[in-house]
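Student: The structure follows.
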Amino acid sequence: MSITAYIGLGSNVGDKKGNCCKAYERLKLSGRCVKMSSFYCTEPVGYREQEPFINAVVQLETDLSPDVLLATCNSIEEELGRSREIRWGPRSIDLDILLYGEHVVESQELTIPHRSLPVRRFVLVPLSEIAPSVVHPVLKKTAAHLLHELKDTHGVTKCDS
């Protein structure tokens, strides 16, 4: 049975849009990509001494379990040269499972919904673009409502095409 998952994409090293597009193409092998948001230029969060990011969100219909989807995302990151030297630091690609249907997963390897989803503008803006009525399964609020309530003031603007 197919599940609707939302995957956050981010890059701030090299060809940022190109990295996100390559990750999108590889995600298509894991299911049917229904929608992809616009690209957004975003200020870094956490570790601030780095280049701005490009972020987007993909809606994916998949038969993969959450653990297999995570392994797939990690494999795509590795294939595209992701290194994990500095927490929240520069990266060629970052793939985060934001939502996986209405499922809640809490393990050492994976937390769904993504714990930062309700507090990150760079995730909520593109998610609200493609799925404003998707409901956070724990908070019971839509993406649009979470964005409306958001206090995060980090810059997020649509990138020029």
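The values are calculated or read from the model by the stated rules, or taken from the named source; none is laboratory data. Computed from a predicted structure; not experimentally measured. Counting neighbours? That spans all protein chains shown, and the Cβs are built from the backbone with ideal geometry, glycine included.
Student: Which of (1) within 21 Å of Ser128 (Cβ to Cβ); (2) within 14 Å of the chain's Cα centre (by Cα) is the odd one out, the single condition Cys21 does not satisfy?
Tutor: (1)
Student: Looking at the structure I just gave you, is Thr42 within 18 Å of Val123 (Cβ to Cβ) and β-branched (Val, Ile, Thr)?
Tutor: Yes: the conditions hold for Thr42.
Student: Another question about this same structure. When the range 15-50 is examined, which residues are found to be under 18 Å from Leu80 (Cα atoms) and at pLDDT below 90?
Tutor: Leu29, Ser30
Student: So, in the range 102-161, of the ones that are part of a loop (DSSP other than H, G, I, E, B) and β-branched (Val, Ile, Thr), which residue ends up farthest from Met1 (Cα to Cα)?
Tutor: Thr153
Student: A further question on this structure: Looking at Gly31, Gly81, Gly8 in this structure, which one is closer than 27 Å to His148 by Cβ and either of a type outside the set (Ser, Thr, Tyr) or within 15 Å of the chain's Cα centre (by Cα) (or both)?
Tutor: Gly8
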